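Q: Here's a structure for you.
Rule-based calculations on the coordinates, nothing more; no lab input. Quick caveat, the model's predicted, so the values are computed rather than measured. Note that each Cβ is placed from the backbone with ideal geometry, even for glycine, and that neighbours are counted across all protein chains shown.
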Amino acid sequence: MILLSIVFFTVLILSSLIILYQDFKERQVSLWVLLIFGAVAISSVLFFRDKETLFYNGLGIILYGGFIWLVLKLYLFIKFKKNKTILDEQLGLADVLVIFFIGLTFNTVGMVFFFCFGFVFSLLIFLVYSFLKKDNDRQSIPLAGLLVFFYVISLIILNLIPLNPLIDCSFIMI
């Protein structure tokens, strides 16, 4: 079991590093690396938890993602006074897939905490990066890359520090 978790975590880290690199450098993420990341995420839930957990985590991420989508649509409608498309203009497909795959590994409470802190982390890191790079061009945040980076850091912290059992992730070996 320990060897399997090391293999899962190693593949997760490698695919996360590729996503981070591609998202920052090319502003596009290869589908094959997203599918590897997703396969590791789904497999981790199936191996370390069960199919029922995968179903409920999937339901939770769909409801949470739908809520965030509606809030974002409402915000964009109020700001621009017209219906703007979100996918491919505000969010890329890689961002949506990474959010979905990460959400599958967390229970609902853990998912909400992770994404609240993950989105703030992504914004702050990008602002610091833009400031240090002295880049004044309006760029979009490489959300997929920064979220997977935050995800790996979060998993390391969650495995080192015993936290409240309300936060459950398939990669936490409690």
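Q: Would you kindly calculate the mean projected area, averaged across all directions, of the convex hull enclosing the Cα atoms of the chain, in square nanometres?
A: 10.6
Q: Wrap a convex hull around the Cα atoms of segment 50-144, take a quarter of its surface area, and give that in square nanometres.
A: One quarter of the hull surface, i.e. the mean projection, equals 6.9 nm².
Q: Residue by residue through segment 118-123, what is 3J(HN,Hα) from phi via Karplus (6.51 cos²θ - 1.76 cosθ + 1.60, θ = phi - 60°)? Round to whole Hz and write x for glycine and proline.
A: Listing the rounded values in order: x, 5, 5, 4, 4, 5 Hz.
Q: Quick one: Karplus J couplings for segment 125-131, per residue in order, coefficients 6.51, -1.76, 1.60, θ = phi - 60°, nearest Hz, x for Gly and Pro?
A: 5, 5, 5, 5, 4, 5, 5
Q: Please arrange Tyr75, Tyr129 by counting, for each residue, the other beta carbons lying within 10 Å of its beta carbon, fewest first.
A: Ranked by crowding around the Cβ, least crowded first: Tyr75, Tyr129.
Q: Using a 10 angstrom cutoff on alpha carbons, build the Gaussian network for the chain and name the most mobile of Ile78, Ile125, Ile36.
A: Result for the chain, Cα springs under 10 Å: Ile78 fluctuates most.
Q: Could you run the Karplus curve 6.51 cos²θ - 1.76 cosθ + 1.60 with θ = phi - 60° over segment 98-113 and give me ³J(HN,Hα) per residue in whole Hz, x for Gly and Pro?
A: Karplus values, whole Hz, x for Gly and Pro: 5, 4, 5, 5, 5, x, 5, 8, 9, 6, 4, 5, x, 5, 5, 4.
Q: Tell me, rounded to the nearest percent, the portion of alpha carbon pairs in segment 9-69 spaced more than 16 Å apart.
A: 56
Q: Leaving out same-chain residues fewer than 8 places away, which lysines sit with a Cα under 30 Å from that of Lys73?
A: Straight-line reach from Lys73, under 30 Å: Lys25, Lys81, Lys82, Lys84.
Q: Related question: Label points 7 Å out from Cα along the Cβ direction at Lys134 and Val112: separation in nm?
A: So the two model labels end up 4.5 nm from each other.
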